[in-house]
Amino acid sequence: MAVDLSVNCLGLEFQNPVLVASGTFGYGDQYEDIMPIRELGALVTKTITPRMRPGNPPPRVVETDSGMLNTIGLANVGQDEFLREKLPWLVTHRGAARVIVNVAGFAEEEFAEVAAAVGSAPGVDALEVNLGCPNVKAGYIHFGADPQSVRRIVSLVRSQVELPIVAKLSPNVTDIAALAEAAVAAGADAVSLINTLPGMKIDINRRRPVLSQGFGGLSGPAVRPVGVACVYKVYRRLAEAGMSAPIVGIGGIGCGSDALEYILAGASLVQVGTASFVRPRAAAETIEGIAEICDRQGVTAVTELVGAAHRS
Ligand SMILES: Cc1cc2nc3c(=O)[nH]c(=O)nc-3n(C[C@H](O)[C@H](O)[C@H](O)COP(=O)(O)O)c2cc1C
């Protein structure tokens, strides 16, 4: 029996629920021969900022026992180069996959600028707003740390574009569900969670942190229980508040059973991130794994499972 993997979400049809996470798949072109984007539900681009950013100096990634730490520093080509070089390639090679552009700024005006530029470009299906970015004007507190700031950024982006907006939330807060509520109230069509958690690795011979910036963002299998718990909590809170907004689950997903944990917790879509660095076809394996497990369990459509852990 063929399992129906399609998901209708954000007013869009996704051929399957598996996306690749921002910053872990570049702009898709480097993976073309191994993991073509046309197999995916959607590609989420590396964060785009108004101007090109070289990012932080090396070392900027290091492996840990159960994941990795990165301090890439939002290195990206900038909005003009993205629109000129990267987006046309994506549009030609996407097939039935959706293209979601992740955007951010270091001041509120920068979010508005990049959202307006990218959000009006043909071929972009939705924007994912990276709220984990530091606000340089407010003293490097990240935008996603405070519901007021989440509300302001999402409203600002909403005022610039008609496209669906996904607000990407950071787990480094006391109550992620309050931020999800703020984002949806301000006009986000969906929330995606989680971004990385702060971590550090110390070189015991050199007696100093390995990464150039000391701290880095932890991702990979280590963060999966955190991500699943966040999705579960946000799903419940949005339901209690009578808000219907799909959730995109992210964090440590690399196979079908990982993805299904998130779907059962309440995610409609999932993103594969760090796993692609270890196994470049991890996203395809995740799609196949979801289908196999559904088939084994007699599930005919993956959407039947969204939030099922709250009902049994
Ligand atoms: C090397 C690297 C770069 C990343 N860059 C971005 C980025 O530019 N924008 C963003 O929103 N998230 C970025 N992330 C976070 C991922 O999109 C994802 O939220 C996080 O890694 C958790 O998922 P994972 O455990 O599957 O990797 C990055 C993660 C890694 C590992």
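Let's see how each residue does on (1) open to solvent by less than 10 Å² (accessible area, probe 1.4 Å); (2) in contact with a helix residue (DSSP H, G or I) (Cβ under 9 Å, 6 or more places away or on another chain); (3) more than 16 Å from the ligand (Cβ to nearest atom):
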site: L169; (1), (2), (3): yes, yes, no
site: E181; (1), (2), (3): no, yes, yes
site: S219; (1), (2), (3): no, no, no
site: V226; (1), (2), (3): no, no, no
site: K233; (1), (2), (3): no, yes, yes
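Mind checking which strands (runs of 3 or more DSSP E) fall wholly inside segment 1-69 and carry at least 2 residues that are over 16 Å from the mean Cα position of the chain (by Cα)?
Of the strands (runs of 3 or more DSSP E) lying wholly inside segment 1-69, those with at least 2 residues that are over 16 Å from the mean Cα position of the chain (by Cα) span 7-9, 12-14, 61-64.
Do you know which residues across segment 244-258 are modelled with pLDDT of 95 or more and either under 18 Å from N195 (Cβ atoms) or surrounded by fewer than 17 Cβ atoms within 10 Å (Cβ to Cβ) (or both)?
A245, P246, I247, V248, G249, I250, G251, G252, I253, G254, S257, D258
Would you please name the residue that is farthest from the ligand (Cβ to nearest atom), looking only at residues in segment 273-290 that are β-branched (V, I, T) and within 14 Å of M68 (Cβ to Cβ)?
Filtering segment 273-290 for residues that are β-branched (V, I, T) and within 14 Å of M68 (Cβ to Cβ), the one farthest from the ligand (Cβ to nearest atom) comes out as V278.
Filter segment 184-208 down to the residues that are farther than 30 Å from L12 by Cα and open to solvent by 50 Å² or more (accessible area, probe 1.4 Å) and list them by number.
Correct list: P198, M200, K201, I202, I204, N205, R206, R207, R208.
The values are calculated or read from the model by the stated rules, or taken from the named source; none is laboratory data. Bear in mind the structure is a predicted one, so any value in this text is a computation, not a measurement. Quick reminder, even Gly has a Cβ in these numbers, built from the backbone with ideal geometry, and neighbours come from all protein chains shown. When the accessible area is computed, the model is the full protein with side chains, heavy atoms only, and any ligands, DNA or RNA have been set aside. Shrake-Rupley method; radii C 1.70, N 1.55, O 1.52, S 1.80 Å.
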